[in-house]
Amino acid sequence: MQIGNTFMVKPNRVAASVFFLLAIIIAGCADGQNSDAVQPIVYSHYTHVEEGGAECLDCHQYAETQSAASIPNIKVCIDCHDEAISESEDEATLLMYISENKKIPWRQVYSVPDYVFFSHRRHVKLGQMECAVCHGDVGSLAVPVAEQYERITMEWCMDCHETSNVSNDCYACHR
């Protein structure tokens, strides 16, 4: 509809456009793919793994026994960092979290939708998979993990199951 030299937009079109834009934004955020996550501490896996001799399970303690591998926090960090071992600003930040008994607000990078059951135990312990299959060579990273090494999709999982001769039955992962 035109009034004078200006166009009047119909409310239904505005509402539809807003709804469509919101649907795109929500779909992009809801797929469990957090990319470029900014972490509260510039954590170096390289320093801990290559220089310190740590292994994945030293910090991600539940990977062999539970469905979630766990994102390490001060209870894990304090084992080695009960006091400063370097002059790093990031270690000073870590020590502040420890002294204040505050959880480090790590940003989760890997997740699956609520309707998917994923078990680290099944893959790491029972399937004897190396962490690097899904997470890449994290031990060589001098900066925190900010994005997924492999985009975790149903197609990617199905391909791995097929290659590994593991069940692709829907109920194995969807509950």
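Numbers below:
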read-out: Stretch gain in nm, segment residue 149-residue 172, where the contour uses 0.36 nm per residue and the Cα spacing is subtracted; value: 5.9 nm
read-out: Spin-label proximity, residue 42 to the stretch 143-161 - amide N less than 18 Å from point 7 Å beyond Cα toward beta carbon; value: 143-147
read-out: Full-stretch length increase - residue 99, residue 80 - with 0.36 nm per residue and alpha-carbon distance subtracted; value: 5.4 nm
read-out: Residue-wise HN-Hα coupling along the stretch 98-110, computed from phi with Karplus coefficients 6.51, -1.76, 1.60 (Hz; x: Gly, Pro); value: 5, 5, 8, 6, 10, 5, 6, x, 4, 8, 6, 9, 9
read-out: Net lengthening on full extension, residue 119/residue 50 (0.36 nm per residue, minus Cα-Cα); value: 22.1 nm
read-out: Proximal aspartates and glutamates to residue 75, defined as alpha-carbon separation beneath 13 angstrom and excluding residues fewer than eight positions away on the same chain; value: 58, 100
read-out: Selection of GluC sites (Glu not before Pro), the stretch 43-126, meeting DSSP coil and at most 16 other Cβ within 10 Å; value: 55, 64, 83, 87, 100
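Readers should treat all values here as calculations from the given coordinates under stated rules, not as data from a laboratory. Not measured: the values here are computed from a predicted model. Virtual Cβ from ideal backbone geometry, glycine too; neighbours counted across all protein chains shown.
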